[in-house]
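Heads up: the structure comes next, in structure tokens.
The values are calculated or read from the model by the stated rules, or taken from the named source; none is laboratory data. Computed from a predicted structure; not experimentally measured. Neighbour counts are summed over all protein chains in view; Cβ atoms, including those assigned to glycine, are modelled from backbone coordinates with ideal geometry. Accessible surface is based on the protein model in full, side chains and every heavy atom, while ligands, DNA and RNA are left aside. Shrake-Rupley method; radii C 1.70, N 1.55, O 1.52, S 1.80 Å.
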Amino acid sequence: MCGIIGILGAGPAAPRLVEALKRLEYRGYDSAGVATLDDSGALTRRRASGKIRNLEAELDAAPLSGPAGIGHTRWATHGAPTTANAHPHATDKVAIVHNGIIENFRALREELIAGGRKFESETDSEVIAHLISAEMDKGLSPEQATASAVRRLEGAFAIACIFSGHDDLMIGARKGSPLVVGLGDGEVFIGSDAIAVSPFTTRVVYLDEGDIAVLTRAGIKVTDAHERLAARPVHVFSGGVAAAEKGNHRHFMQKEIYEQPETTGRTIARYVNAFEERVEMPDLDGVDLAADSAIVIGCGTAHYAGRVAEYWLEQYGGISVETDIASEFRYRRPAFGKKAFSVFVSQSGETADTLAALRYCKEQNLKTLAVVNVPESSIWREADARLPTLAGPEIGVASTKAFTAQLSSLAALAIAVGRAKGALSTQEEGRLVRALMETPRLIADALTVEPEIEAIAHELAQARDVLYLGRGVHYPIALEGALKLKEISYIHAEGYAAGELKHGPIALIDEHTPVVVVAPHDALFEKTLSNMQEVAARGGKLVVITDAVGAVACADIAKHIIMIPACDPFVAPLVYSVPIQLLAYLTAVHKGTDVDQPRNLAKSVTVE
Ligand code: F6R
């Protein structure tokens, strides 16, 4: 999604704006721009379509001066990713950057055009600049004009503005999209997330829904949705600059795959009492884990984590579970049982559909539980209770360590539900907790298979279509494997339940179609082996991910075997996530795609 940075600083703003925009590349974008106030107090801007290096070339050719400025990375929604549509949008009075969507922009635009204003872009965002200018033309101050304009905007947005002739003023407003203020020494910053301001400060203020923040170098003044002065706490952002570096890795995605022993360990440790071999949940604010049913909602990878949780909550928790994709759930007016709770899974905590689904459940008086990675994000704040995932900032657009951290939190939830429902004995809980505690080590062992996967990836990179098969709890892992491969390598891939193969997908099998099978030697292995035989009989190339016992059983039919350490079936989805991530990653590297910022994708999808 789009990224925002604003600086009221001491030195030249333009190079620092560009530095911050580079931190925001991970969100996905297709144009970028900056505006500053020059020494005479006039607004000047440079914009470019494509990568930030194109913007840098513009700035090299015609540098911008001045210590105050705003910058933006745009992911096109209304209007193509052209230079004219790139932010900042400006009039002679104000320059603005905007994230989100202004739903009533057409009506506002027509009204402003009828009033004599000239538009130069096809964006919804440009109306904000004209609306503020029109208010200032009526004699309002920048602060009053912004508040008045914001009142007229419908939709979800975060904006930052600077004003000609006001070199010690920047205004930010948020409704639906996140915005943070960074506090430096005699300098202030604004950003679409804490990572944006992290090169300059670790002290951040997270704005609340409906807040307007007026920044000067001396400090900030925040008014809330009811236009009352509001005090917002200052947090210390610990993700920091180091967390946003690649270290020794070639890509952020690779770094994040390799962080998983640590990130799953951190997350599991949060919920496990290792001494008593019990799960310990934080205060869940009235969420009754002894409920009869649960609804688990998310999008993309987060939805697949929820699908794994469905198996866990039913098998170990003893409750009935429904999972859905947030964008479907929110519009189908679902009915709920009387004793139910709802779970929302999201890395960013800002996914528009997941947030809307959460709000729907709250309206239905259903208790809401957020499994979220970004603290203080919208889903985090709006849920009744939260089970944080402690993956740290995830920069690669394709989710990896956030997925296994989600699985870690959800596994702990399943055990807690099992205890609350009386479905698990103390001994069984002890076994599951021990298995969870072994998981980071097993993930570290699974990472050592990279060299073997490298050779297979070389072959996979030649494929046009790839099928992924799995059974039971590994069916969602097959879905996730297919999603990872298509996202970053652009190879068409589909995940299927292995037993569903003969009901249609088997028609796709030929000698050119690799079939990746997620098949630990568990209670369902023999069934999956039959499906593998069906593939082999039709000339399909089997890539089997299994353990030592499974490897022996399929040695004569598999073209390739990726051998993973044997593990308790409970935690196998966490461990088997690693080879499917590496397979997608190494295939994409062979293909030479933009692994960390795959085309058309955004890290945080804050629009429907
Ligand atoms: C896939 C991926 C997406 C996200 C989805 C939900 O690699 O990253 O499918 O999982 O957009 O995002 P969050 O988890 O931020 O709600």
Evaluation of residue 252 against (1) open to solvent by 20 Å² or more (accessible area, probe 1.4 Å); (2) at pLDDT 95 or above; (3) within 16 Å of the ligand (Cβ to nearest atom) (one fails), failing number: (2)
Within segment 35-76, tally of residues that are of a type in the set (Val, Ile, Thr) and either touching a Cys at 6+ places or on another chain (Cβ under 7 Å) or on the phi > 0 side of the Ramachandran plot (or both): 1
Answer residue from segment 181-235, given it is more than 25 Å from residue 394 (Cβ to Cβ) and polar (S, T, N, Q) and is surrounded by the fewest Cβ atoms within 10 Å (Cβ to Cβ) among those: 216
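Sort out for me the strands (runs of 3 or more DSSP E) sitting completely within segment 1-56 that have 3 or more residues that are without any contact (Cβ under 8 Å) to a residue 60 or more places away in the chain and open to solvent by 40 Å² or more (accessible area, probe 1.4 Å).
Where strands (runs of 3 or more DSSP E) fall fully within segment 1-56 and carry at least 3 residues being without any contact (Cβ under 8 Å) to a residue 60 or more places away in the chain and open to solvent by 40 Å² or more (accessible area, probe 1.4 Å), they are 43-49.
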Some residue of segment 496-513 being closer than 30 Å to residue 375 by Cα, touching a helix residue (DSSP H, G or I) at 6+ places or on another chain (Cβ under 9 Å) and either assigned by TED's automatic domain parsing to the domain that holds residue 572 or crowded, with 23+ Cβ neighbours inside 10 Å (or both): no
Residues (aromatic (Phe, Trp, Tyr) and closer than 18 Å to residue 341 by Cβ) located in segment 266-292: 271
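Inside segment 181-192, can you point out the residues that are among the acidic types (Asp, Glu) and in contact with a Leu (Cβ under 8 Å, 6 or more places away or on another chain)?
Selection gives 187 alone.
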Any hit, segment 339-352, residues being within 14 Å of the ligand (Cβ to nearest atom), surrounded by fewer than 24 Cβ atoms within 10 Å (Cβ to Cβ) and of a type outside the set (A, V, I, L, M): no
Selection from segment 426-454 of residues that are more than 27 Å from residue 316 (Cα to Cα) and without any contact (Cβ under 8 Å) to a residue 40 or more places away in the chain: 448, 451
Qualifying residues in segment 311-334 (those that are open to solvent by 40 Å² or more (accessible area, probe 1.4 Å) and within 16 Å of the ligand (Cβ to nearest atom)) - the one modelled with the lowest pLDDT: 330
Residue list for segment 205-226, restricted to those being under 12 Å from residue 174 (Cα atoms) and either within 23 Å of the chain's Cα centre (by Cα) or in a loop (DSSP other than H, G, I, E, B) (or both): 206, 207, 208, 209, 210, 211, 224, 225
Criterion (within 16 Å of the ligand (Cβ to nearest atom), open to solvent by 40 Å² or more (accessible area, probe 1.4 Å) and touching a residue at least 40 places away in the same chain (Cβ under 8 Å)) met by exactly one of 468, 490: 490
Pick from segment 267-310, criterion over 19 Å from the mean Cα position of the chain (by Cα) and basic (Lys, Arg), ranking: surrounded by the most Cβ atoms within 10 Å (Cβ to Cβ): 270
Where a residue in segment 296-317 is among the acidic types (Asp, Glu) and its partner, wherever it lies, is surrounded by fewer than 24 Cβ atoms within 10 Å (Cβ to Cβ), with Cβ under 8 Å and at least six apart: 310/321; 310/322; 310/323; 314/320; 314/321
Tally, over segment 367-387, of residues that are open to solvent by 10 Å² or more (accessible area, probe 1.4 Å) and on the phi < 0 side of the Ramachandran plot: 9
